[in-house]
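Worksheet for the structure shown next.
Nothing in this text is a laboratory measurement; each read-out follows from the coordinates by a stated rule. It should be emphasised that the depicted structure is a prediction, and the values quoted were computed from it without experimental measurement. Here the Cβ positions follow ideal geometry from the backbone for every residue, glycine too, while neighbour counts run over all protein chains shown.
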Ligand SMILES: [Zn+2]
C-alpha cells in the first residue's frame with residue numbers, strides 16, 4: 001500500500017493537502033516542506049576503469065550503483081563522499097581528493113515513500129594500496145569496469161546513468 005499523510009500531525013484533522021513537496025493543514029495552518037534531499041555519488045577511477053557497486057537492497061536491487069548516499073545534517077557533500085566510502089567499502093580518501101563533476105536530480109522510493117534528491121557527483125582516484133571491506137547489507141559485490149565497456153542500462157538510478165554517460169563522454 002502506498003503510504004501518505006492522512007491527518008495533520010499537529011491538530012489531527014483530515015482537512016489537509018499534501019502535494020508531495022508541501023504539506024498544508026487547512027485547520028491549524030501548519031505548513032511543512034518535504035524538501036529535495038542532497039545525496040552524493042563518487043566515480044572512483046583506477047586507470048581506464050571506474051568502480052561500481054552492486055546493490056543488495058531496494059530500490060534497484062541487483063543493479064549497478066556508485067558508492068555514496070544521503071548527506072547528513074551539518075555535513076558537507078565532500079564529507080558525505082568520505083564517510084560513505086568508509087562505510088560501504090572500508091576505504092579512506094582525503095577530503096581534498098574529491099573533485100566535483102555535476103549534479104543530477106533523482107527519484108528515490110524507500111518503503112513506498114517517494115523522495116526527490118539532488119545527487120552531487122564527485123570523482124576521486126582510487127588509492128591502489130587499499131583493500132575493500134564491503135558493507136554486505138547494502139552491497140552484494142563490486143565491479144571495476146572499463147569506460148568503453150560500461151552498459152549504462154545496468155545502472156539502476158537514472159541520475160547516475162546520466163552522470164556516468166556524461167563522464168564517459170568527457171574522459
Ligand atoms: Zn493541523
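Some observations on this one:
- Considering only residues in segment 1-57 that are in a strand (DSSP E or B) and exposed (fewer than 12 other Cβ atoms within 10 Å of the Cβ), the one that is nearest to the chain's Cα centre (by Cα) turns out to be 33.
- All told, residue 143 meets the bar of being out of contact with any helix residue (DSSP H, G or I) (no Cβ under 8 Å at 6 or more places or on another chain) and closer than 17 Å to residue 164 by Cβ.
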